[in-house]
Amino acid sequence: MDAINQKILECLQEDAAMPVADIAARAGISASPCWRRIQALTEAGVIRRRVALLDARKLNVGVSVFVQIRTNQHSMAWAERFCALIAAIPEVVEFYRMSGTVDYMLRVVVPDIAGYDAVYKRIIRDIDIYDVSSSFSMETIKYTTALPVTYAP
């Protein structure tokens, strides 16, 4: 990953709709080689997809809830069922299997506490879990989808 590709990726993370000519100018190359590099980065899977970032508050889902789930079930059948259930809940925007004392961590976006309660009830209605702990975000200090590109080999 050379400095030009890093600059291209930084530009695309800033604005995926940025014209290739603008990206090329920032990267210090012409448009045609820039486009070929973008295509190569896409084919290599470095660029997975291009999306629009939406304003959660304007969509009335400005409350983030961080949910820690512990289970006493560690079979593949339970895990597959649980993962399918959680993946099907649109309010769950991030979902991780963790190490340590918590088995799973979720970030849920909802309009309010009642919205989270509905998600919580859906989870416990459909599958047995051992413990759930939820924390509501009071303030977003930093939020970005941009990844650091300087570590890429």
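The values are calculated or read from the model by the stated rules, or taken from the named source; none is laboratory data. Small disclaimer: the values here were computed from a predicted structure and weren't measured. Here the Cβ is made from the backbone with ideal geometry for all residues, glycine too, and neighbour counts use every protein chain on show.
Every residue, every condition in (1) assigned by TED's automatic domain parsing to the domain that holds Ile8; (2) more than 30 Å from Met18 (Cα to Cα); (3) in contact with a strand residue (DSSP E or B) (Cβ under 8 Å, 6 or more places away or on another chain); (4) among the small types (Gly, Ala, Ser), yes or no:
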position	(1), (2), (3), (4)
Gln73	no, yes, no, no
Tyr104	no, yes, yes, no
Ile113	no, yes, yes, no
Ile123	no, yes, yes, no
Asp128	no, yes, no, no
Thr145	no, no, no, no
Thr150	no, no, no, no
Pro153	no, no, no, no
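Within the set Ala79, Ala84, Ala52, the sole residue that is small (Gly, Ala, Ser), under 21 Å from the mean Cα position of the chain (by Cα) and not assigned by TED's automatic domain parsing to the domain that holds Ile127 turns out to be Ala52. Residues in segment 85-102 that are out of contact with any Asp or Glu (no Cβ under 9 Å at 6 or more places or on another chain) and either within 16 Å of Ile124 (Cβ to Cβ) or not hydrophobic (A, V, I, L, M, F, W, C) (or both): Ile86, Ala88, Ile89, Pro90, Glu91, Val92, Glu94, Tyr96, Ser99, Gly100, Thr101. For segment 100-148, a residue qualifies if it is surrounded by 10 or more Cβ atoms within 10 Å (Cβ to Cβ), more than 20 Å from Arg81 (Cα to Cα), within 17 Å of the chain's Cα centre (by Cα) and among the β-branched types (Val, Ile, Thr), and the qualifying residues are Val109, Val110. Would you say Asp55 is at pLDDT below 95 and at negative phi? Answer is no for this residue. Selection of segment 89-124 for residues being without any contact (Cβ under 8 Å) to a residue 12 or more places away in the chain, part of a helix (DSSP H, G or I) and either of a type in the set (Phe, Trp, Tyr) or under 22 Å from Met138 (Cβ atoms) (or both) yields Ala114, Asp117, Ala118. Is there a residue being free of Cβ contacts under 8 Å to residues at least 40 places away in the same chain and either touching a Gly at 6+ places or on another chain (Cβ under 9 Å) or of a type in the set (Val, Ile, Thr) (or both) anywhere in segment 53-69? The answer is yes; a qualifying residue exists. Please verify whether Arg57 is out of contact with any helix residue (DSSP H, G or I) (no Cβ under 9 Å at 6 or more places or on another chain), loosely packed, with under 15 Cβ neighbours inside 10 Å and of a type in the set (D, E, K, R), treating the condition exactly as stated. Judged against the criteria, Arg57 is a match. Taken over segment 126-139, the criterion of being at pLDDT 95 or above and outside any loop (DSSP other than H, G, I, E, B) is satisfied by Asp131, Val132, Ser133, Ser134, Ser135, Phe136.
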